[in-house]
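These notes concern the structure reproduced below.
The values are calculated or read from the model by the stated rules, or taken from the named source; none is laboratory data. All figures in this text were calculated on a predicted structure; none of them were measured in a lab. Positions of Cβ are backbone-derived with ideal geometry, glycine not excepted, and every protein chain shown enters the neighbour counts.
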Amino acid sequence: MKALREQKDNLKLRVLSRTEFKQLFRDKRILIKGQAATPSSSLAAGTTYVDILGF
């Protein structure tokens, strides 16, 4: 969540609530390396690209 709050490209993502964020996971709209992510998905060290569909 910290990275979303600090990014400057999309204002809607900066103010996304935890409930809305959870719903994105449930709807499989968060992808890590093209695969649907879960809240417990781990990220590799370094730069990892995460896609949030619809934003």
Checklist outcome for this item: Filtering region 34-49 down to residues that are outside any loop (DSSP other than H, G, I, E, B) and of a type outside the set (A, V, I, L, M) yields Gln35
Checklist entry - Looking at Leu31, is it assigned to a loop (DSSP other than H, G, I, E, B) and within 16 Å of Ala3 (Cα to Cα)? => result no
Next on the checklist: Which numbered condition in (1) surrounded by 10 or more Cβ atoms within 10 Å (Cβ to Cβ); (2) on the phi > 0 side of the Ramachandran plot is the only one that Gly34 fails?
Outcome noted: (1)
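Of the residues in region 1-23, how many are assigned to a helix (DSSP H, G or I) and modelled with pLDDT under 85?
Matching residues across region 1-23 total 4.
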Checklist outcome for this item: Pairing a residue in region 30-54 that is within 22 Å of Asp9 (Cβ to Cβ) and hydrophobic (A, V, I, L, M, F, W, C) with any residue that is assigned to a loop (DSSP other than H, G, I, E, B) and at pLDDT below 90, where Cβ atoms lie under 6 Å and the two sit 6 or more apart in sequence or on different chains, gives Ile32/Ser41
Next on the checklist: With the requirement that a residue be β-branched (Val, Ile, Thr), touching a helix residue (DSSP H, G or I) at 6+ places or on another chain (Cβ under 9 Å) and within 15 Å of Asp51 (Cα to Cα), what does region 1-40 give you?
Outcome noted: Ile30, Thr38
Item to check | Members of region 24-50 that are modelled with pLDDT under 90 and acidic (Asp, Glu) | outcome: none
